[in-house]
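First the structure, in the form of structure tokens, and then the observations on it.
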Amino acid sequence: MSDSQLRLVWIYPDLLSTYGDQGNALVVERRARQRGLDVARIDVRSDQPVPTSGDIYLIGGGEDRPQRLAAERLRRDGGLERAVGNGAIVFSVCAGYQILGHEFINDLGQREPGLGLLDVVSVRGEGVRCVGDVLADIDPRLGLPPLTGFENHQGVTHVGQGAKPFARVRIGNGNGTGDGTEGAYNETVFGTYMHGPVLARNPHIADHLLKLALDVNALPPVDDRWYEALRQERITAATQPA
Ligand code: GLN
């Protein structure tokens, strides 16, 4: 972290911000401030350069066409790759997750190159669109409680040797490959199909990102009663669909 200020970068709110994913930036920002951190929140529109000195970058989901435009602009910009080279933490959702991989199928039905920051490849699912509440167990190596989220995607994502599945679904589809995996991660880059916004439902993931960025093992506890109420409501929705 540079000069005791946490730099939180929200990538392309004008293109990638479906299903309330902007809430992820609000949650990280708030939880950092609750720990007394000085936070600079930087929203980067798709006609602006991506700063390379951020500590945490967030990218949300998007419809197929904005997703292609975002991938084109991020490739041309190159700032996010440089930031990851500098050790930045990245957390991505759905379309953002697909863009961080090697490639995905765009709105024109063509193979669109991603940024190659996560060893995943996305294809277009042949079956019905994956839509609904999800409950999944996060990779036990991360020591985090079960993941809840809402998925809505046609893409199917295969995780390569250079990344680990982020979670395994109990309910829902996740990566959509049929192997039960959901999302992917490496040392600093995370991807998930979960909306919700996912960090409001799973604030411990926001804390995990903060710990990585601050290079600490623990953070002071905060009052999580509202988050916990939302978590429990959504777990009930996933396990007992109407
Ligand atoms: N367009 C992508 C898909 O359908 C991502 C959708 C999303 O971000 N919700 O797979």
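A short reminder: the numbers here are calculations on the coordinates, not readings from a lab. In this text the structure is predicted, and so the values were computed from the model without any measurement. Note: ideal-geometry Cβ built from the backbone for every residue, glycine included; neighbour counts use all protein chains shown.
Calculate the spin-label point distance for residue 30 paired with residue 152, positioning each point 7 Å from the Cα along the beta-carbon direction, and give it in nanometres.
Spacing of the two 7 Å Cα→Cβ label points: 2.1 nm.
From the square roots a ≥ b ≥ c of the eigenvalues of the alpha-carbon gyration tensor of segment 107-242, which class results: rounded (a/c under 1.5), prolate (a/b over b/c), or oblate?
Note, shape of segment 107-242 comes out oblate.
Tell me whether the chain comes out rounded, prolate or oblate; compute the Cα gyration tensor, take square roots of the eigenvalues as a ≥ b ≥ c, and use a/c under 1.5 as the rounded threshold.
In terms of gyration-tensor shape, oblate.
Mind sorting 185, 57, 97 by how few other Cβ atoms lie within 10 Å of their own Cβ, fewest first?
Lowest to highest Cβ neighbour count: 185, 57, 97.
Rounding to the nearest 20 debye, state how big the charge dipole of the chain is about its Cα centre with +1 on each Lys and Arg Cβ and -1 on each Asp and Glu Cβ.
140 debye
Between residue 7 and residues 5 or more places away or on another chain, which pairs have amide H atoms under 5 Å apart, with H built 1.01 Å from N, and which residues are they?
HN-HN under 5 Å from residue 7: 2, 40, 55, 56.
Can you figure out the FRET efficiency of residue 228 with residue 131, using R₀ = 25 Å and their beta-carbon distance, to the nearest 0.05?
0.45
Could you grab the relative contact order for the chain? Cα pairs under 8 Å, six or more apart, rounded to a whole percent.
19 percent
Amide H to amide H under 5 Å from residue 174: which residues, 5+ apart in sequence or cross-chain, H placed 1.01 Å off N in plane?
Residues meeting the amide H criterion: none.
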